[in-house]
Amino acid sequence: MKYPLLWLIKLYQWTISPLLGPVCKYYPSCSHYGYEAIRLHGAVKGTGLTAWRILRCNPWSLGGVDHVPPRKHPVWHQRLRSRLGKTQPKAQGA
């Protein structure tokens, strides 16, 4: 589901966005924000972040710089990764 959404955003950026011109109050633009949010966080959370960003883009908003928040891993995920990383043997080059 992630890649069709990314494709739709790219299609918008190539076709409709050039006709509208630079009208976004935020940096990066809403479509670039949406692309990065979905690429980084996945389809569900990325779409939610994008929808929230579009809702904030209104005539009463001051705009400004608004980057996609970094991806956070839960504590259990970090512990699992550290345990798996220590138990797996490292491959040596031939």
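With respect to the stated conditions, Trp7 fails to be open to solvent by 70 Å² or more (accessible area, probe 1.4 Å), modelled with pLDDT of 95 or more and either more than 26 Å from Lys72 (Cα to Cα) or in contact with a strand residue (DSSP E or B) (Cβ under 8 Å, 6 or more places away or on another chain) (or both).
Specify which of the listed residues (Val75, Val65, Val44) is in contact with a strand residue (DSSP E or B) (Cβ under 7 Å, 6 or more places away or on another chain), of a type in the set (A, V, I, L, M, F, W, C) and either free of Cβ contacts under 8 Å to residues at least 12 places away in the same chain or open to solvent by 60 Å² or more (accessible area, probe 1.4 Å) (or both).
Testing whether each residue is in contact with a strand residue (DSSP E or B) (Cβ under 7 Å, 6 or more places away or on another chain), of a type in the set (A, V, I, L, M, F, W, C) and either free of Cβ contacts under 8 Å to residues at least 12 places away in the same chain or open to solvent by 60 Å² or more (accessible area, probe 1.4 Å) (or both) leaves just Val65.
Scanning region 30-84 for residues that are under 12 Å from Leu5 (Cβ atoms) and β-branched (Val, Ile, Thr) yields Ile38, Val44, Thr47, Thr50.
The values are calculated or read from the model by the stated rules, or taken from the named source; none is laboratory data. In this text the structure is predicted, and so the values were computed from the model without any measurement. Cβ atoms come from the backbone with ideal geometry, glycine included; neighbour counts cover every protein chain shown. Side chains are part of the model used for accessible areas, which takes the heavy atoms of the whole protein and leaves out ligands, DNA and RNA. Shrake-Rupley method; radii C 1.70, N 1.55, O 1.52, S 1.80 Å.
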